[in-house]
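Asker: Take a look at this one; I'll ask things after.
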Amino acid sequence: MYCGHNRMAILSQQQIAEAMMRLLEHELYEDISISDLCREAQVSRQTFYSLFESKDNVMLYKLSRECCYEPGDAVPPAASRSTLQAMCEDYSAYIVSHRALLTLLARNHIMHCLYDCQYQTFLHCTDLLAALPEDERMYAADYYASTLTSIARTYVGRGAVDSAEHLTQILLRLMQGQFFPD
């Protein structure tokens with residue numbers, strides 16, 4: 001995926017990502033071809049392949065630029081909140097506020113794109129996991145990304161009816177191991 005600073009390339013990436021979102025409103029992800037995407041974005045296939053290697057990369061671009069939960073992005077935790085509590089509260093609010101996008105991802109069986117985005121975010125998060133050795137940071141990033149993505153999938157699968165407060169309590173109890181019997 002292109003990560004440079006060329007203004008025209010960045011504009012083309014944005015066009016392609018927006019075209020993908022427009023197409024997803026009416027078509028299933030698996031039915032969208034690269035040709036369809038290029039036609040909708042009004043770019044050549046050569047431009048597409050120079051900026052993205054696949055449709056998944058378009059989704060990763062979209063999620064990472066606009067829709068990926070980043071720990072520590074919200075207000076820093078108050079003295080009365082632990083980092084875990086803050087993350088659970090912030091992620092629950094994120095899920096509820098992004099329900100339409102999450103529903104779109106789930107309906108198209110591409111929640112793995114959210115996982116991939118979340119994994120990279122946790123892996124490179126300077127606030128949360130930076131002090132861990134690399135191998136432990138990889139396991140921790142995988143745990144958090146898969147847990148949070150699964151919670152988002154279940155939330156959507158249940159009809160997106162749970163409140164952020166209810167999701168926070170579930171996340172806290174899960175991450176504290178409270179669902180396991182002693």
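Please treat every number below as a calculation from the coordinates, not as lab data. A quick note: this is a predicted structure, and the numbers were derived from the prediction, not measured. Cβ coordinates were reconstructed from backbone atoms using ideal geometry, including for glycine residues, and neighbour counts include every protein chain displayed.
Asker: Could you give log10 I(q)/I(0) at q = 0.18 Å⁻¹ for region 68-175, computed by the Debye formula over C-alpha point scatterers of equal weight, without solvent?
Answerer: The calculated log intensity ratios at q = 0.18 Å⁻¹ are -0.87.
Asker: Let me ask something additional. Helix 7-24 versus the longest principal axis of the chain: what angle, 0 to 90°, nearest 10, using Cα atoms?
Answerer: The angle comes out at about 80 degrees.
Asker: So what does log10 I(q)/I(0) come out to for region 94-147 at q = 0.25 Å⁻¹, using the Debye formula with one equal point on every Cα and no solvent?
Answerer: For region 94-147, the Cα-only Debye profile gives -0.92.
Asker: Also, I was wondering about something else. Restricting to DSSP loop positions (anything but H, G, I, E, B) with no more than 12 other Cβ atoms inside 10 Å of their own Cβ, which chymotrypsin sites (Phe, Trp or Tyr not before Pro) remain in region 136-182?
Answerer: Counting only loop positions with at most 12 other Cβ atoms within 10 Å, the chymotrypsin sites (Phe, Trp or Tyr not before Pro) in region 136-182 are 179.
Asker: Sticking with this structure for a sec: Relative to the longest principal axis of the chain, what angle (0 to 90°, nearest 10) does the C-alpha long axis of helix 111-123 take?
Answerer: Approximately 60 degrees, to the nearest ten.
Asker: Separate question: Evaluate the Debye formula for region 7-54 with equal point scatterers sitting on the alpha carbons, no solvent, and hand back log10 of I(q)/I(0) at q = 0.20, 0.31 Å⁻¹, in q order, two decimals.
Answerer: Here log10 of I(q) over I(0) equals -0.57, -1.25.
Asker: What number, rounded to the nearest 500 deg cm²/dmol, is the helix-based mean residue ellipticity at 222 nm of the chain, given -39500 (n - 2.57) per DSSP H run of at least four residues and division by all its residues?
Answerer: -19500 deg cm²/dmol
Asker: Something else now. Taking the Cα atoms only, what angle lies between the long axis of helix 83-97 and the longest principal axis of the chain, rounded to 10 degrees?
Answerer: 40
Asker: Another question, then. How big is the chain along each principal axis, measuring the range of its Cα positions in Å and listing the largest first?
Answerer: Rounded to whole Å, the extents work out to 57, 37, 27 Å.
Asker: Also, quick follow-up: Would any residue of region 84-103 have its amide N under 16 Å from a label point 7 Å out along Cα→Cβ of residue 160? List them or say none.
Answerer: Within reach of a label on residue 160: 92-103.
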